[in-house]
1. Quick one: which strands (runs of 3 or more DSSP E) sit completely within the range B:8-114 and have at least 1 residues that are on the phi < 0 side of the Ramachandran plot and more than 10 Å from chain A (Cβ to nearest Cβ)?
2. Given the criteria over 30 Å from residue B:54 (Cα atoms), in a strand (DSSP E or B) and either modelled with pLDDT of 95 or more or of a type in the set (Ser, Thr, Tyr) (or both), does residue A:76 qualify?
3. Scan the range B:71-88 and tell me whether some residue there is of a type in the set (S, T, N, Q), surrounded by 12 or more Cβ atoms within 10 Å (Cβ to Cβ), under 19 Å from residue B:104 (Cα atoms) and without any contact (Cβ under 8 Å) to a residue 60 or more places away in the chain.
4. Quick one: how many residues across the range A:79-95 are among the hydrophobic types (A, V, I, L, M, F, W, C), touching a Ser or Thr at 6+ places or on another chain (Cβ under 9 Å) and part of a strand (DSSP E or B)?
5. Can you name the number of the only condition in (1) within 12 Å of the chain's Cα centre (by Cα); (2) surrounded by fewer than 19 Cβ atoms within 10 Å (Cβ to Cβ); (3) within 18 Å of residue B:42 (Cβ to Cβ) that residue A:40 fails?
6. Being surrounded by 15 or more Cβ atoms within 10 Å (Cβ to Cβ) and away from every other protein chain (no Cβ under 14 Å) is the requirement here; does residue A:75 meet it?
7. Among the residues of the range B:31-70, what is the count of those that are over 18 Å from residue B:109 (Cα atoms), crowded, with 18+ Cβ neighbours inside 10 Å and touching a Ser or Thr at 6+ places or on another chain (Cβ under 7 Å)?
8. Pull up the range A:19-58, narrow it to residues that are within 14 Å of chain B (Cβ to nearest Cβ) and among the β-branched types (Val, Ile, Thr), then point me to the one that is nearest to residue A:108 (Cα to Cα).
Amino acid sequence: AQSVTQLGSHVSVSEGALVLLRCNYSSSVPPYLFWYVQYPNQGLQLLLKYTSAATLVKGINGFEAEFKKSETSFHLTKPSAHMSDAAEYFCAVSDFTGGGNKLTFGTGTQLKVEL
Amino acid sequence: KAGVTQTPRYLIKTRGQQVTLSCSPISGHRSVSWYQQTPGQGLQFLFEYFSETQRNKGNFPGRFSGRQFSNSRSEMNVSTLELGDSALYLCASSLTGGRVNEQFFGPGTRLTVL
């Protein structure tokens, strides 16, 4: 079974500082990986996805992630944090075993942005 | 294009009752998936429907069931509610449910079981 692990359930950064949210995956086949963001009382919004094309993936709101097979990682970064980035972020892997698609999510990282 | 809609947004039930949640996917999307989100267990996959057929199922008891209609709208049902069923239930739609197809999520239904 495929899985993802998010290191750090809470991350706090200053406004304008680099954001780095960590995600490591475990997969027996080339993985398809996703980052989602969830704001309070809302559903999940896709930030970006990796589907075996370019290893550096650019997403919305200035976020990007780099797929590193040697490190089995797919960390999410943003050069300069904004107050509006405060939310919970989920890394997910697409599992197509057994037919049909399902996403297996990490435990999430709550990002706090301070002035 | 309208997004994924879920009704109702909030629901309060008591133990032993049953509940039905509804999801309307994005127009043209044929795959609908359901997820349960709780503070303790995080986001967990319930099941996925494609063309009115359940194609994948997560590790949940038989009290959790679902169906999909010919217009791709989906419902999930939970019978004999337990306190632990209190959660945010999220519905997601995608074009065909293939691995590369991104899933678009609705705002969720917040279920509270008393």
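1. B:10-13, B:19-24, B:31-38, B:64-68, B:74-78, B:87-94, B:109-113
2. Judged against the criteria, residue A:76 is a match.
3. Within the range B:71-88 (the criterion being of a type in the set (S, T, N, Q), surrounded by 12 or more Cβ atoms within 10 Å (Cβ to Cβ), under 19 Å from residue B:104 (Cα atoms) and without any contact (Cβ under 8 Å) to a residue 60 or more places away in the chain), the answer is yes, since at least one residue qualifies.
4. Total meeting the criteria: 4.
5. Answer for residue A:40: the failing condition is (1).
6. In short, yes.
7. Final tally of qualifying residues: 3.
8. A:37
The values are calculated or read from the model by the stated rules, or taken from the named source; none is laboratory data. Not measured: the values here are computed from a predicted model. When we count neighbours, we look across all protein chains shown, and the Cβ atoms used for this are built from the backbone with ideal geometry, even at glycine.
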